[in-house]
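Single-structure report; data block below.
The values are calculated or read from the model by the stated rules, or taken from the named source; none is laboratory data. Only a predicted model underlies this, so the values are computations on that prediction, with no experimental measurement involved. As a convention, Cβ positions derive from the backbone with ideal geometry for all residues, glycine included, and neighbour counts pool all protein chains shown.
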Amino acid sequence: MTQHHPAERIVVLTGAGISRESGLETFRDADGLWSRHNIEDVCTPEGFRRDPMLVDRFYNGRRAELAGVQPNAAHLALAELERAAHDGRWNGELLIVTQNIDDLHERAGSRNVLHMHGELRRVRCTSCGATPEWLDDCLPDTPCPACHRPTLRPDVVWFGEVPLHMDRIQTALAGCDRFVTIGTSGTVYPAAGFVAEVRDHAETVDINLDAPQIPTLFDRTLVGPATRMVPQWVTELLGA
Ligand code: BV8
């Protein structure tokens, strides 16, 4: 069986900005989530211990919002690129590493997606470890469907917690030829540190509404809304 050698392996890192035009808020934009919520209260394990109802309500609100939005042209363009690899129209390989907890990449048709900060559509039982899919509200006294104890929490990675799939991500970063960040402010680590890890062996591209704070980190920067820039970048890639 001949080993498939893709001409190029691309890792895309997405952040809240790719979902902005679907109607989901970002964190650090002026109208973002952190303008109305205190990170320490809703995005740390200490905050959850202190006031689980406040945290559950924060995630219940975002989960409910998810039901009312659709993937946008940027999510769809990335799904098209993965399909082109699958159909042999592009001799490459694509992995999406997302900091987002929404499911818009999957709903756009992407399969090869790693949610390093977890998923809004799942909860996790701190007693038995079950991570059932969860589309409704979850409250501090909601019983776990597996062990029936009231010990469910959002299945997301809070500040101070270890991001998910880091070994698979590090392997993909070490072997990639192109690293593209889309809609991320590059403030949260370890995701924000990925570009520095790949600069010596991969072409680095930043796609963002604003020019990056440290432009020298990227070989190329495409400035504009994701729904315009990502389809343009994919068309250019497939046309090459
Ligand atoms: C860890 C939960 C150890 C789910 C989130 C000091 C120095 C360095 C690091 C640290 C430090 N002190 C503490 C740390 C560690 C800390 C950290 O990085 N803190 C920062 C704030 C300094 N990190 C951690 O604790 C992480 N864990 O380090 O463990 C470890 C490390 C390595 C290996 C093993 C163990 C855990 C971090 C995860 C925290 N959880 N979310 C949820 O509620 O969603 S973080 C949160 O921020 C989201 O996940 C979000 O995705 C993420 C990053 O934000 P962005 O996605 O970039 O969104 P943002 O609003 O910031 O930016 C939006 C961008 O889109 C903007 O640039 C905007 O211009 C652009 N945009 C807007 N509209 C559009 C657009 N672009 C294109 N088109 C548009 N239309």
Item to complete: With the condition kept exactly as written, say whether any residue in region 42-55 is part of a loop (DSSP other than H, G, I, E, B) and either near the ligand (Cβ under 8 Å from one of its atoms) or assigned by the TED database to the domain that holds T181 (or both).
Response: yes
Worksheet item: Which members of region 2-47 meet the condition of being of a type in the set (S, T, Y) and either at pLDDT 95 or above or surrounded by fewer than 20 Cβ atoms within 10 Å (Cβ to Cβ) (or both)?
Response: T2, T14, S19, S22, S35, T44
Worksheet item: Do we find a residue being closer than 28 Å to R63 by Cα and more than 7 Å from the ligand (Cβ to nearest atom) anywhere in region 209-222?
Response: no
Item to complete: Filter region 122-135 down to the residues that are within 15 Å of the ligand (Cβ to nearest atom) and buried (at least 17 other Cβ atoms within 10 Å of the Cβ), then identify the one that is farthest from T26 (Cα to Cα).
Response: R124
Practice prompt. Only one of these is out of contact with any His (no Cβ under 8 Å at 6 or more places or on another chain) and modelled with pLDDT under 95: D210, D141, D137. Name it.
Written response: D210
Fill in: Residues of region 49-65 satisfying the condition of being surrounded by fewer than 20 Cβ atoms within 10 Å (Cβ to Cβ) and in contact with a strand residue (DSSP E or B) (Cβ under 8 Å, 6 or more places away or on another chain)
P52, R62
Discussion item. Can you say whether A146 is more than 25 Å from H201 (Cβ to Cβ) and out of contact with any helix residue (DSSP H, G or I) (no Cβ under 9 Å at 6 or more places or on another chain), as far as the supplied structure shows?
Written reply: yes
Discussion item. Report every pair of residues separated by at least 6 positions or lying on different chains whose Cβ atoms are under 8 Å apart, first residue within region 27-42 and among the basic types (K, R), second surrounded by 13 or more Cβ atoms within 10 Å (Cβ to Cβ) and at pLDDT 90 or above.
Written reply: R28/S185
Worksheet, complete the sentence: Of the residues in region 141-161, those that are part of a loop (DSSP other than H, G, I, E, B), more than 15 Å from the chain's Cα centre (by Cα) and closer than 19 Å to H115 by Cα come to F159, G160, E161
Worksheet item: Which one of these is touching a Cys at 6+ places or on another chain (Cβ under 7 Å), of a type in the set (G, A, S) and either within 8 Å of the ligand (Cβ to nearest atom) or without any contact (Cβ under 8 Å) to a residue 60 or more places away in the chain (or both): A146, A226?
Response: A146
Worksheet item: So T171 clears everything in (1) surrounded by fewer than 15 Cβ atoms within 10 Å (Cβ to Cβ); (2) touching a strand residue (DSSP E or B) at 6+ places or on another chain (Cβ under 9 Å) except one condition, right? Which one?
Response: (2)
Worksheet item: Pairs under 7 Å by beta carbon, first residue farther than 21 Å from V234 by Cα and without any contact (Cβ under 8 Å) to a residue 24 or more places away in the chain in region 181-210, partner within 12 Å of the ligand (Cβ to nearest atom) and assigned to a loop (DSSP other than H, G, I, E, B), six or more apart or different chains?
Response: A192/G186
Fill in: Out of R111, R178, sole residue that is under 27 Å from M229 (Cβ atoms), surrounded by fewer than 18 Cβ atoms within 10 Å (Cβ to Cβ) and more than 12 Å from the ligand (Cβ to nearest atom)
R111
